[in-house]
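*Asks:* First, the structure itself, so that you have it in front of you.
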Amino acid sequence: MANGKPETVSAELDQRIKLLENERRILLELGDDITKVREKNDLIVLFSSRLKEIFPFSHAIVSLIDHEARVYCPFLLDPKSSPIKDHPVYPSLVAGHFPLDEPFIQQVLENDAPSSFILEDIMDAPGSPPFLRVNYEGGVREILMTPLKSKEQVIGFLHMYVVNVNGFTDEIKSIIKGIAPQISGAVINIIRNEEISREERLNEVLLTLSNDMVKVRTRQDMLNVLNSGLREVIGFSHSMMTVMDDAEEYYKAYLADAEATVRELTDFGDTLDMPTPVEDGIYDIASLYYKPLVFNMESFDMEKAPLWFKMHYEMDAREMIVKILGDNGSSKYSLMLFADKVGTFGKEAINIIQRISGQVFTAISNISANEEIIKRENEKSFLLEFSSDIAGVRSKEDLADVLRTCLRKLKPQLGFVVRKINDDKTTTTAYIFDALNIADDDDELQEIKAMKFPIEDGLQNRVLNSEIPLLFSINMEINRGNTTPYLQFWKRMGLRTMVGAPLRTGDTKLGILWLGIEEINIPLLQGICAQTSVAMSNIMANEELLRREREQSFLVQFSHNIAAVRTKDELKDTICEVLRNVLKVKLAMIRVMEDDGVTLSPYLYDESLFEKVVETFRMMASQKIDINEPLTARVLECGTVLFDVEEELRLGNPGNYIRLWKEVGVKHAFGALLRVGNVNVGTFWLLIDEVNLTILKGICAQVAIAIANIRANEKVLEYKQKLEMENDYLKEQIKTIYNFSEIVGNGAQMQKVYRLISQVAETSSTVLLLGETGTGKELIARAIHNASSRKSKLMVKVNCAALPAHLIESELFGHEKGAFTGAIDRRIGKFELANNSTLFLDEIGEMPLELQVKLLRVLQERELERIGGKATIKVDVRIVAATNRDLEAEVQAGRFRSDLYYRLNVFPIELPPLRDRLEDVESLANFFLAKFSKNAGKRVNSISPQVLQELKSYPWPGNVRELEHLIERSILLCEGHTLTEIHLPRHETINKPVLGSGSYNVTLEQIERAHIIDVLKRCSGKISGVGGAAEVLEVPGTTLHSKMKKLGISKADYFIR
C-alpha cells in the first residue's frame, strides 16, 4: 500500500494535468472562436456550449449598461437553455431596464471580479432585481456576476447561473475572469457590427422614406409613408400631424391614422377638428426645442390635457414624441408619434425623427401648397360659374335664384338671407330670404321679413364694420342677452351658427349676406359677396333710375306747366292739380316772406281741406305770422320737416296749427322752405302721411321760382313807370356831371393841365394826378379816359382810402368762392372789370404796404390771380392814380414803396389849388350858381360884386369842393335873385393870414400856427404816431399837443369834412 501511494499521487497528477490541458485547450478554442463571433446570439451559444464542457452551469446571459440612464438591460440570451423561458414574466425581463444603483449590482462593481451569490440570500433583499427570484423559481440557486470592461469602463455583466449551491469554485471564477476580456471584446464587436448593420438598414429605410416622400402629393400618401417606412425603424403604435392657424394661437389635427379617425368618429366627436390653444403645455414646450421632445403621457393631469391627448391615451398610448416642423422660426406643423409603453422613444428615435424632419416639413408644405392650389382652382371655377350666372341677373328675383343655386352647391341645406340698408341708413330690411324648412306663409317668417332692424343691434353693426365675414354662435349671442328677434327665428330654423358677410361696393355699404354655415371659407365667400354686391348695386341702381325717370318725367311736365303761369290764380290751379293727381292731397297753405324778411303772409291755400273747421281756418289764414313762430322756425332752420301731430301734442309744443291739424283728423303735416338762391321766398305746407321727398322738393323748387317771378313781375310793373320818369333826369344829370368838355377854368394853371391831358390821353401810359383835396382829380381822370381810345368802356374807380385794408385786395383782384370766410360766391375784381378800359385808383397814397407789392406785380406783368384762385388772368388796364399826399416824402418815410412810386410817376399832372387860380373863382362860382339854383328850384341868377370880392380874398383850403359846397349853401339861404351874402368860415379868414400876398405884418406865432395847421391837414388830422404831424415836424407828440393848446389850434382848424 505504501509502495502504491506514490503511484496513486502520480496518477492523480497526471489526471489533473490532463484536465488542465483539456481546459486550456477548451479555453484556447473558446478564445479563438470568440474572436470570430459576429452575430449576437452566436456568442452566448458558443460560450455556453464550450464552457459547459468544463463546468456544468444552467444558462448564461450578457447584459449591457446604459450609463446615461443609469440602467442595465439584457443583451445576449440563450433562450433554449434558460429554465425560465416559459415563465410569464420572461418577456418583460428580457425587455427590462434595471437600475445600477441597486445594492446587488453595487457589490459586483465594488468587487471588480466575478462574484457569486446564493439567490436565496439576496433575492428578497431591498432593491434586488426581479430576475433573481424568477430564476430561483426556475430551479436556479446561485449566480455568478462578472463585470465586462472596455478601456477600464464597465460596459456590462456576464450572468451565469447554476442549480446547486456553491457551484462556482475559485477555479471557475479564475477561468471566467480570464476569458472576461475576450467576451468583452466580442460584445464590443457585436455592438459595433449591430450599429453598422443598423445604420445601414436605417440609411436604407430613410433613403426609401426620402424617395417616397418626394412622391407624396396628398395627406393619405404622407400617412402611408409614415406608417410603412418610419414604423420599420421606430416602433410607434400610431401617428398624427397638426397644423397651426395663421394667428399662431391654435392648432388642430392635419392628418391622423385610421385608428384615431375611427376612434374620433365613435367616441370623441369632432376632436381632431377642434382647435387646441398653442399654450397647452405640450405644443408650446416642444416649440422651445430644436430636437424632438419625448413626453411620458402617464405624468399628465388628464383633467387639463387636450382632447386629442385624451383620445390617444384611451387608445393605450403612454409615451409620445413631438417634433415641431418649420423653417425661419415658424412652427406651423408638428409630427407626433405615440407608443404604448414608456421608453420606446430613445436617442435613436429622436435622431431619426430629427433627420427626417426637414423632409417631412417639405413634403407637408408641398401637400398644403397643392391643396391650396386645388382649393383656389376650385374656388375660381366656382366663382367663374357664379359670375356667369350672375351676369344674367336683371331683377331681385333673378338674384335670389342665382344665390340659391350657388349657395346650395356649397351646402345642400343652406339657409340664407340678404338684408338691405334702408334709405335712413340706420335700419335694414329683408331683400332676399331663403328660410329652408320654414313655409313661406309662416306668420313669424312674414313678420321677420317685414320688420326693420336697427343696424346698431350688436350683430349687424359688427358685420358692416368688418372687412371679412364673421362667424356667430346663435346660442352664445342669445346667452349674452341679445334680444334681436331674428336670432330666435334662426334658432327655430335649427341653425347653430350664422356667418355674416358685408355687402359693399367701394365705400358704399349695401347690406349683409347671412349664411347658415358652421365654417368660413373667407376668400370664396368674399368672392361671392363681391359679385353679389355688384349685382345688387346694379339692380338697386336700375330701380332707382326707373323711379327717378318717373319722377323727372313728372317734374319736367310740372315745370312746363308752371312755366306758363303768369298770375297768382294760375299758380294755384297748377299746384292744386299736381297735388291732387300725383300725391292725392290738397294744398294746406303757402305763405310768402315779406320784404322785411321777418313777416310771412298767407298767399295760397285750399279752403276745402278745412271744411270741418272752416271758420277757425279763415281766422288763422287771415293773420300774418313771423319767422319766430315755432313750426315756421323749425322749417326755416331744417328746410323740410315732417311733423307727427300726436308726438307734437304729447311733447306739449305750442301752436294753434297743431290743434287745427288734430281737428282736421290728420296724423302728419309736411312743411318745406321755399327758396330761390339764397333768398327765402316763403313756406309750403301739406297734410300728408307718406312723403316722397324728391318729388316734393322738385315741386317746392318750381313753386318758389314761380312765386318769385310773379311777385317780381308785380314789382316790375310798379317800378316801370317810376323808372321811366327818372330816366330822363338821370340822363341829364350824367351829362352834366361827366361832360368834361365843360371843365371850368381858363387860367394859365388850368391851360397847362389841359395841355398835359391832350398829350397823354391817347396813350396807354400811367398817369399820376397830384393835388390837394378838392382840386378835381377824379374829374381830370374822367377827362383823360373820355379823351382816350378806351372811352367806349366804363372807367372803373376804386377809392383806396374808403375800403378796409383787408378788403382792398379782394376789391382789386377779386376772389374765388370759399377763398376766405364769407366768400360765398366768386367775385370779379376791379382790374378784370376795367379790362380794355381805365382804372382810377383814388387816394393811392392810403394803400397798405403789403398790397402795394401785389399792385406793382400786376402793373409790371399785366396779369393777376384771384384770391384763392390758381389761374393767371391777363389784363389790359390803363392806370390813372391820384393822391393828395406828397409821395416822395411818403417814400422817404417808408410808407410808400419806391418801386411802385416810380411805376406810377410815369406822367404826373399837378392840379393847382384854387388859391393859385383865383382868376377862375368867378367862372366856377357862376357855374355852381346855375347848377344848384336849378336843383333847388330857385331863380338866383347873379352874384353881387361884394360876394365875388370875398370869394377871391378867401384862401380856399378846401379848393373847388369847398367853393361848390359854399355856393350850394348860400343859394339855399338866399331870398332874392342875386347872391348878396356868402357864408365863409370865420376862423379861416381871421386866424390864418395869407402869407403869399406880400403881407409881412404877421407875428412869428401866427406863422407857426399856420404852419402847424397846414401840416395837420396834410397828415389828415393825425397828430402823433407813424405818419403824424409830430413826426413831420420832428417834435414829440406831447410837445405838439402843448404847442397846439398854446396857439389855440382846435380840430375845426385842420379837419375839413
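The values are calculated or read from the model by the stated rules, or taken from the named source; none is laboratory data. The model shown is predicted, which means the values in this text are computed figures rather than measured ones. For neighbour counting, all protein chains shown are included, and Cβ atoms are generated from backbone atoms with ideal geometry for every residue, glycine included.
*Asks:* Among the candidates E385, E377, E371, which residue alone is exposed (fewer than 12 other Cβ atoms within 10 Å of the Cβ) and more than 29 Å from N203 (Cα to Cα)?
*Replies:* One residue alone meets the criteria, E377.
*Asks:* Here's another thing I want to ask about it. Within the range 779-788, identify whether any single residue is among the hydroxyl-bearing types (S, T, Y) and either farther than 25 Å from P912 by Cβ or without any contact (Cβ under 8 Å) to a residue 24 or more places away in the chain (or both), and answer yes or no.
*Replies:* Within the range 779-788, not a single residue is among the hydroxyl-bearing types (S, T, Y) and either farther than 25 Å from P912 by Cβ or without any contact (Cβ under 8 Å) to a residue 24 or more places away in the chain (or both).
*Asks:* Let me ask something else about it. With respect to the numbered conditions (1) out of contact with any Cys (no Cβ under 9 Å at 6 or more places or on another chain); (2) more than 20 Å from P602 (Cβ to Cβ), which one is the sole condition not fulfilled by T640?
*Replies:* Only one criterion is unmet by T640, namely (1).
*Asks:* Which ranges mark the helices (runs of 4 or more DSSP H) fully within the range 842-957 that have 1 or more residues being within 60 Å of the chain's Cα centre (by Cα) and not β-branched (V, I, T)?
*Replies:* 849-861, 887-892, 898-904
*Asks:* Now a separate question. Yes or no: I688 at pLDDT 80 or above, surrounded by 19 or more Cβ atoms within 10 Å (Cβ to Cβ) and under 18 Å from T574 (Cβ atoms)?
*Replies:* In short, no.
Yes/no per residue for (1) surrounded by 14 or more Cβ atoms within 10 Å (Cβ to Cβ); (2) free of Cβ contacts under 8 Å to residues at least 40 places away in the same chain; (3) in contact with a strand residue (DSSP E or B) (Cβ under 9 Å, 6 or more places away or on another chain); (4) within 17 Å of G527 (Cβ to Cβ):
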{"position": "P454", "(1), (2), (3), (4)": "no, yes, yes, no"}
{"position": "L464", "(1), (2), (3), (4)": "yes, no, yes, no"}
{"position": "R480", "(1), (2), (3), (4)": "no, yes, no, no"}
{"position": "T484", "(1), (2), (3), (4)": "yes, yes, yes, no"}
{"position": "M498", "(1), (2), (3), (4)": "yes, yes, yes, no"}
{"position": "L513", "(1), (2), (3), (4)": "yes, no, yes, yes"}
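*Asks:* For the range 123-241, list the helices (runs of 4 or more DSSP H) that sit wholly inside it and hold at least 2 residues that are within 27 Å of P79 (Cα to Cα); which are they?
*Replies:* In the range 123-241, the matching helices (runs of 4 or more DSSP H) lie at 130-137, 170-214.
*Asks:* Cβ-Cβ below 7 Å, separation at least six or inter-chain, first residue in the range 808-831 and over 11 Å from L864 (Cβ atoms), second small (G, A, S) and part of a helix (DSSP H, G or I): which pairs?
*Replies:* Pairs that qualify, where the first residue is over 11 Å from L864 (Cβ atoms) and the partner is small (G, A, S) and part of a helix (DSSP H, G or I), are R827/S810.
Yes/no per residue for (1) surrounded by 13 or more Cβ atoms within 10 Å (Cβ to Cβ); (2) out of contact with any strand residue (DSSP E or B) (no Cβ under 9 Å at 6 or more places or on another chain); (3) within 26 Å of K568 (Cα to Cα):
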site: L604; (1), (2), (3): yes, no, yes
site: E607; (1), (2), (3): no, yes, yes
site: F610; (1), (2), (3): yes, no, yes
site: Q623; (1), (2), (3): no, no, yes
site: E629; (1), (2), (3): yes, no, yes
site: C638; (1), (2), (3): no, no, no
site: E646; (1), (2), (3): no, yes, no
site: L651; (1), (2), (3): no, yes, no
site: Y657; (1), (2), (3): yes, no, yes
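*Asks:* Looking only at residues that are surrounded by fewer than 18 Cβ atoms within 10 Å (Cβ to Cβ) and among the β-branched types (V, I, T) in the range 307-363, which one is nearest to H238 (Cα to Cα)?
*Replies:* V342
To keep it simple, each residue is scored yes or no on (1) in the same structural domain as T427 (by TED's automatic domain parsing); (2) touching a helix residue (DSSP H, G or I) at 6+ places or on another chain (Cβ under 9 Å); (3) more than 17 Å from I517 (Cα to Cα).
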{"site": "I448", "(1), (2), (3)": "yes, yes, yes"}
{"site": "S466", "(1), (2), (3)": "yes, no, yes"}
{"site": "T484", "(1), (2), (3)": "yes, yes, yes"}
{"site": "Q488", "(1), (2), (3)": "yes, yes, no"}
{"site": "K491", "(1), (2), (3)": "yes, yes, no"}
{"site": "G494", "(1), (2), (3)": "yes, no, no"}
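*Asks:* Would you call V613 under 21 Å from I707 (Cα atoms), of a type outside the set (D, E, K, R) and assigned to a helix (DSSP H, G or I)?
*Replies:* no
*Asks:* Check whether at least one residue in the range 405-418 is small (G, A, S), surrounded by 13 or more Cβ atoms within 10 Å (Cβ to Cβ) and over 22 Å from Q531 (Cα atoms), and report yes or no.
*Replies:* no
*Asks:* Identify, please: which residue in the range 129-152 is without any contact (Cβ under 8 Å) to a residue 24 or more places away in the chain and not acidic (D, E) and is, among those, nearest to G185 (Cα to Cα)?
*Replies:* This residue is K151.
*Asks:* State whether one or more residues within the range 555-571 are within 35 Å of the chain's Cα centre (by Cα) and either at pLDDT below 80 or not in a strand (DSSP E or B) (or both).
*Replies:* No; the residues of the range 555-571 include none that is within 35 Å of the chain's Cα centre (by Cα) and either at pLDDT below 80 or not in a strand (DSSP E or B) (or both).
*Asks:* Is there any pair with a first residue in the range 169-190 that is of a type in the set (S, T, N, Q) and a second that is surrounded by fewer than 18 Cβ atoms within 10 Å (Cβ to Cβ) and part of a helix (DSSP H, G or I) whose Cβ atoms are under 8 Å apart and which are 6 or more apart or on different chains, and what are they?
*Replies:* Close Cβ pairs satisfying both conditions: Q182/G31; Q182/T35.
*Asks:* Okay, moving on. Of everything in the range 555-581 that's hydrophobic (A, V, I, L, M, F, W, C) and surrounded by fewer than 17 Cβ atoms within 10 Å (Cβ to Cβ), which residue is nearest to G511 (Cα to Cα)?
*Replies:* Among residues in the range 555-581 that are hydrophobic (A, V, I, L, M, F, W, C) and surrounded by fewer than 17 Cβ atoms within 10 Å (Cβ to Cβ), the one nearest to G511 (Cα to Cα) is V556.
*Asks:* Residue check, N581 against (1) within 24 Å of G665 (Cβ to Cβ); (2) outside the structural domain of A672 (by TED's automatic domain parsing), all met but one. Which one?
*Replies:* (2) is the only condition that N581 fails.
*Asks:* Moving on. Which of the residues that make up the range 754-779 are touching a strand residue (DSSP E or B) at 6+ places or on another chain (Cβ under 6 Å) and assigned to a helix (DSSP H, G or I)?
*Replies:* Within the range 754-779, L756, V760, K777 meet the criteria.
*Asks:* Now for a separate question. In the range 589-602, which residues are in contact with an Asp or Glu (Cβ under 8 Å, 6 or more places away or on another chain), under 25 Å from T574 (Cβ atoms) and surrounded by fewer than 17 Cβ atoms within 10 Å (Cβ to Cβ)?
*Replies:* Result: S601, single match.
*Asks:* Next question. List the pairs whose first member sits in the range 974-986 and is surrounded by fewer than 16 Cβ atoms within 10 Å (Cβ to Cβ), whose second member is of a type in the set (K, R), and whose Cβ atoms are under 7 Å apart, counting only residues at least 6 apart or on separate chains?
*Replies:* These pairs meet every condition: H977/R939; H983/R969.
*Asks:* For the range 47-80, which residues satisfy the criterion of being in contact with a Lys or Arg (Cβ under 9 Å, 6 or more places away or on another chain), free of Cβ contacts under 8 Å to residues at least 40 places away in the same chain and not in a loop (DSSP other than H, G, I, E, B)?
*Replies:* Within the range 47-80, just P79 meets the criteria.
*Asks:* Of the numbered conditions (1) in a loop (DSSP other than H, G, I, E, B); (2) more than 45 Å from the chain's Cα centre (by Cα), A305 satisfies every one except a single condition; which is it?
*Replies:* Failed condition: (2).
*Asks:* So, in the range 308-333, of the ones that are in a loop (DSSP other than H, G, I, E, B) and without any contact (Cβ under 8 Å) to a residue 60 or more places away in the chain, which residue ends up farthest from N296 (Cα to Cα)?
*Replies:* N328
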